[in-house]
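J.: Quick one: the structure is below, and I'll ask about it shortly.
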There are 2 protein chains.
Amino acid sequence: MFELLKTDPASKARLGRLTTAHGVVDTPVFMPVGTQGSVKALDLRELNEAGTSIILGNTYHLNLRPGLEIITAGGGLHRFINWDKPILTDSGGFQVFSLAKIRKVKPHGVEFRSHLDGSLLFLGPKESMEIQRILGSDIAMTFDECPPHDAPAKEQRHAVERTIRWARECREQPRAPGQLVFGICQGGVNPALREECAKAIVELGFDGYAIGGVSVGEPEPEMMKAVELAEPFLPANQPRYAMGLGTPAQLVELVARGVDMFDCVLPTRIARNGTAMTRKGAVSIKAGFNKADFGPIEEGCDCFACRHHTRAYLRHLLNVNEILGLRMLSVHNSHMILKVMADIRTHLAAGTFAEFRREFIAHYVPSKKVMLARVAAAAANS
Amino acid sequence: MFELLKTDPASKARLGRLTTAHGVVDTPVFMPVGTQGSVKALDLRELNEAGTSIILGNTYHLNLRPGLEIITAGGGLHRFINWDKPILTDSGGFQVFSLAKIRKVKPHGVEFRSHLDGSLLFLGPKESMEIQRILGSDIAMTFDECPPHDAPAKEQRHAVERTIRWARECREQPRAPGQLVFGICQGGVNPALREECAKAIVELGFDGYAIGGVSVGEPEPEMMKAVELAEPFLPANQPRYAMGLGTPAQLVELVARGVDMFDCVLPTRIARNGTAMTRKGAVSIKAGFNKADFGPIEEGCDCFACRHHTRAYLRHLLNVNEILGLRMLSVHNSHMILKVMADIRTHLAAGTFAEFRREFIAHYVPSKKVMLARVAAAAANS
């Protein structure tokens, strides 16, 4: 199912290949987020042209709208959205804890009110796995509790306990044919909790392991620390997924820390605010300095936006609220982050990852604004 | 410049070919509207795939944003928006009278306050032609006065007088290399005024003639009447353009009344409200009856949306406000209306237009809602 092809001698970076019911995913991989069955502003063709090999769907959102009845009638999630490559579904745990305002945590899940119409609903390991089975995703995630990064120690401990108990329940549920299930580790930045949780989840035995409790508003050093605390306890021959991350530079650094899979709303979210991702850092295309810049968003980029349009034109479109503006930035940003991942894989294969990493980080200027957007995105969730 | 290839024996319909500085346009033609330098929600590729041969730009809007300095620095409108086929620019007359709230009509144009920042501006025949020259459109329109359909007789008369005087002034202005200029006839549904205006404009001598004063809130019979009143006075060997029209069935009927060129925001505007155009009439894709309809928007349509997605999926996207929903409907509607025009040309060439017209009208159920949307679109302009 997962083949570890190569390990970087100078870091923990790994080159791998994950086989799913809908095809093969080369890792390290970035998974564009299609929360409600659509990667925001992009169509199938643009996703394919960007080199997308797997996308995300969201249990919480898809269960509310359009609902399982419609998706089942449509032949499952792949057919409903007409995406024939792999899909990973998030378990909905994150959304229950971040979106549903009124909730009551019970032994076997969470009672909450829909953020849409206030109706009373219940989501737990059993329900989440059942929804994911019906959606027919290639990779299902266990239902976890994801506390905010500044939750008190006691809350972190309870979250870890519930996460382990719920993972065990998820383990027992029926799956869709060929469906893989990944376990999620919590524990914040507490070394003992991270170790305990990671060990317990690995002990249960899943097809892959995710590091959760990141992208929950924490500063970058804490995020890196959380990953570093969990990673040593995850088996080398299985895929590791850091949830909800991150900026291009963070992905390079997280690959170096042994992570294989990523998802983030950042590329399409900041696109809609007029911000482009480049290898030198984030750039506001809306900004005045692009008024008469007739070059592309990023020199050397071969995405549709960079091949066809200038910064000056895109700035104009963004300024007058033309949908094409945010579309083109969504195309570029998705293309850019997927190309960085492709470059990472090429360099891992060639044995030149250390050099690539050094150069990438040297040229990349982290943007405070984007870092904050990432944190805000986490708060607003997908 | 304009070649009249064939005339339908059973109606006034004409098959023609218009040659411009940026290429040939087969008529009858529908021109998608790119008011601010972008056909709403569509990219270049989608426009080309739909069979677009010419698009519109708008003098009033483009002059305000991004402004002529930027467009000039970008090499003119074609290069700025990267559209290498023909562009027709509206003169801005319609917008000055519909958008700019505070205005003072003067002998040589209109003093008005920008609808964006309230700054005092002046637009008249001289200014409009100068802007269109700088934009470098293939077809420039004269600066006219376009009164509402229910304007009193006196106002209609004044509008006709000013429209003729301003057309004469436009006639004298310098043009971009190879730029054609079309004169606009006003006159509402007053036969004498329509005749007087059409004759006077034709007497001045332009490369083509537009019927203005339609799509200004009038009911369909008045719109048809306005066209019928003006058409007999327009020379057969030059193109005729009915401004701001219309629904698919209206286009078929207007072609039969001797019109060669059309533009309308309807296809993309109703798309953004979740309404699809079909040969049976408009269909609300957002409506509940599409909840579990796993067929395409329209059977037999080969647009990207119909080839890849079901009504049920598109309804879901529209319901949850995913941009892909309005994108796909914009693709379909533009494709649909351009295909109707292509069919019209095919049938004119084959001598079977009368039959096509009869069948098209027999199957098409006009939608009150869409008719009202067309009127509302005219009121909101763009």
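The values are calculated or read from the model by the stated rules, or taken from the named source; none is laboratory data. What you are looking at is a predicted structure, and each value in this text was computed from that prediction instead of being measured. A quick note on method: Cβ atoms are made from the backbone with ideal geometry, for glycine too, and the neighbour counts reach across all protein chains shown. Each accessible area value is taken on the protein alone, full model and side chains, heavy atoms only, with ligands, DNA and RNA left out. Shrake-Rupley method; radii C 1.70, N 1.55, O 1.52, S 1.80 Å.
J.: In the set B:ARG17, B:ARG65, B:ARG45, which member is open to solvent by 10 Å² or more (accessible area, probe 1.4 Å), in contact (Cβ under 8 Å) with a residue 40 or more places away in the chain and not small (Gly, Ala, Ser)?
T.: Being open to solvent by 10 Å² or more (accessible area, probe 1.4 Å), in contact (Cβ under 8 Å) with a residue 40 or more places away in the chain and not small (Gly, Ala, Ser) holds for just one of B:ARG17, B:ARG65, B:ARG45, which is B:ARG65.
J.: Among the residues of the range A:48-62 satisfying the criterion of being more than 14 Å from chain B (Cβ to nearest Cβ) and within 23 Å of A:PHE143 (Cβ to Cβ), which is surrounded by the most Cβ atoms within 10 Å (Cβ to Cβ)?
T.: Looking only at the range A:48-62, we keep the residues that are more than 14 Å from chain B (Cβ to nearest Cβ), and these are A:50-54, A:56, A:59.
Filter once more, keeping what is within 23 Å of A:PHE143 (Cβ to Cβ): A:54, A:56, A:59.
On the way: A:ILE54: 25, A:LEU56: 22, A:THR59: 28.
Filtering first and then ranking leaves A:THR59.
J.: Can you find a residue that is touching a residue at least 40 places away in the same chain (Cβ under 8 Å), open to solvent by 10 Å² or more (accessible area, probe 1.4 Å) and closer than 19 Å to B:PRO267 by Cα anywhere in the range B:70-81?
T.: No; the residues of the range B:70-81 include none that is touching a residue at least 40 places away in the same chain (Cβ under 8 Å), open to solvent by 10 Å² or more (accessible area, probe 1.4 Å) and closer than 19 Å to B:PRO267 by Cα.
J.: Of all helices (runs of 4 or more DSSP H) completely enclosed by the range B:256-356, which ones contain at least 1 residues that are touching a Phe, Trp or Tyr at 6+ places or on another chain (Cβ under 7 Å) and within 13 Å of chain A (Cβ to nearest Cβ)? Spell out the reasoning first.
T.: Numbers: elements: B:266-272, B:304-308, B:311-319, B:323-350.
Result: B:311-319, B:323-350.
J.: Out of A:ARG171, A:ARG157, I need the residue that is touching a helix residue (DSSP H, G or I) at 6+ places or on another chain (Cβ under 6 Å) and open to solvent by 60 Å² or more (accessible area, probe 1.4 Å). Which one?
T.: Answer to the selection: A:ARG171.
J.: Under the condition of being charged (D, E, K, R) and surrounded by fewer than 20 Cβ atoms within 10 Å (Cβ to Cβ), which residue from the range B:299-324 is nearest to A:LEU64 (Cα to Cα)?
T.: Among those residues, the one meeting the criterion is B:ARG307.
J.: Still on this structure, please answer the following. Answer with yes or no whether A:GLU228 is open to solvent by 10 Å² or more (accessible area, probe 1.4 Å), touching a strand residue (DSSP E or B) at 6+ places or on another chain (Cβ under 8 Å) and away from every other protein chain (no Cβ under 14 Å).
T.: no
J.: Still on this structure, I have one more. Only one of (1) in contact with a Gly (Cβ under 8 Å, 6 or more places away or on another chain); (2) surrounded by fewer than 23 Cβ atoms within 10 Å (Cβ to Cβ) fails for A:LYS280. Which number is that?
T.: (1)
J.: Any idea which of A:ILE297, A:ILE337 is touching a His at 6+ places or on another chain (Cβ under 9 Å), among the hydrophobic types (A, V, I, L, M, F, W, C) and in contact (Cβ under 8 Å) with a residue 24 or more places away in the chain? Lay out the reasoning, then the answer.
T.: Working: A:ILE337 fails: touching a His at 6+ places or on another chain (Cβ under 9 Å).
Answer to the check: A:ILE297.
J.: Taking the conditions exactly as written (within 17 Å of B:HIS78 (Cβ to Cβ) and among the aliphatic types (A, V, I, L, M)), does A:LEU318 satisfy them or not?
T.: no
J.: Right, here's the next one. Taking A:LEU18 and the conditions (1) within 17 Å of the chain's Cα centre (by Cα); (2) within 14 Å of chain B (Cβ to nearest Cβ); (3) not in a helix (DSSP H, G or I), which numbered condition does it fall short on, given that it satisfies the others?
T.: Evaluating A:LEU18 over (1) within 17 Å of the chain's Cα centre (by Cα); (2) within 14 Å of chain B (Cβ to nearest Cβ); (3) not in a helix (DSSP H, G or I) leaves (2) as the failure.
J.: While we're here: Pick from the range A:99-151 the residues that are closer than 26 Å to A:PRO177 by Cα and assigned to a loop (DSSP other than H, G, I, E, B): which of them is most open to solvent (accessible area, probe 1.4 Å)?
T.: It comes out as A:HIS108.
J.: Would you check if A:PRO177 is under 18 Å from A:ARG14 (Cβ atoms) and open to solvent by 10 Å² or more (accessible area, probe 1.4 Å)?
T.: No; evaluated as a whole, the condition is false for this residue.
J.: Ok, one more. Please go through the range B:242-255 and pick out each residue that is open to solvent by 10 Å² or more (accessible area, probe 1.4 Å), more than 22 Å from B:GLU299 (Cβ to Cβ) and either of a type in the set (Phe, Trp, Tyr) or not in a loop (DSSP other than H, G, I, E, B) (or both).
T.: The answer is B:GLU253, and nothing else.
J.: If I filter the range A:20-42 down to residues being touching a Gly at 6+ places or on another chain (Cβ under 6 Å) and crowded, with 23+ Cβ neighbours inside 10 Å, which single residue comes out as nearest to A:VAL227 (Cα to Cα)?
T.: This residue is A:THR27.
J.: When you scan the range B:65-98, how many residues do you find that are in a helix (DSSP H, G or I), of a type in the set (A, V, I, L, M) and closer than 26 Å to B:PHE30 by Cβ?
T.: The number of residues fulfilling the criteria is 4.
J.: Give me a count of the residues in the range A:21-42 that are touching a residue at least 60 places away in the same chain (Cβ under 8 Å) and under 18 Å from the mean Cα position of the chain (by Cα).
T.: If we filter the range A:21-42 for residues that are touching a residue at least 60 places away in the same chain (Cβ under 8 Å), which is where we start, we get A:21-23, A:25-33, A:35, A:39-42.
From what's left, under 18 Å from the mean Cα position of the chain (by Cα): A:25-33, A:35, A:39-42.
Here the count works out to 14.
J.: All but one of (1) in contact (Cβ under 8 Å) with a residue 12 or more places away in the chain; (2) surrounded by fewer than 23 Cβ atoms within 10 Å (Cβ to Cβ); (3) away from every other protein chain (no Cβ under 14 Å); (4) not in a helix (DSSP H, G or I) hold for A:VAL202; which doesn't?
T.: (4)
J.: I would also like to ask the following. Among (1) surrounded by fewer than 19 Cβ atoms within 10 Å (Cβ to Cβ); (2) aliphatic (A, V, I, L, M); (3) in a loop (DSSP other than H, G, I, E, B), which single condition is A:ALA192 missing?
T.: Looking at each condition in turn, A:ALA192 falls short on (3).
J.: Of all residues in the range B:159-188, which are over 20 Å from the mean Cα position of the chain (by Cα), of a type outside the set (D, E, K, R) and under 15 Å from B:GLY212 (Cα atoms)?
T.: B:ALA159, B:VAL160, B:ILE164, B:TRP166
J.: Going by the conditions given, is B:ARG45 farther than 24 Å from B:SER91 by Cβ and part of a helix (DSSP H, G or I)?
T.: Spelling it out, B:ARG45 is indeed farther than 24 Å from B:SER91 by Cβ and part of a helix (DSSP H, G or I).
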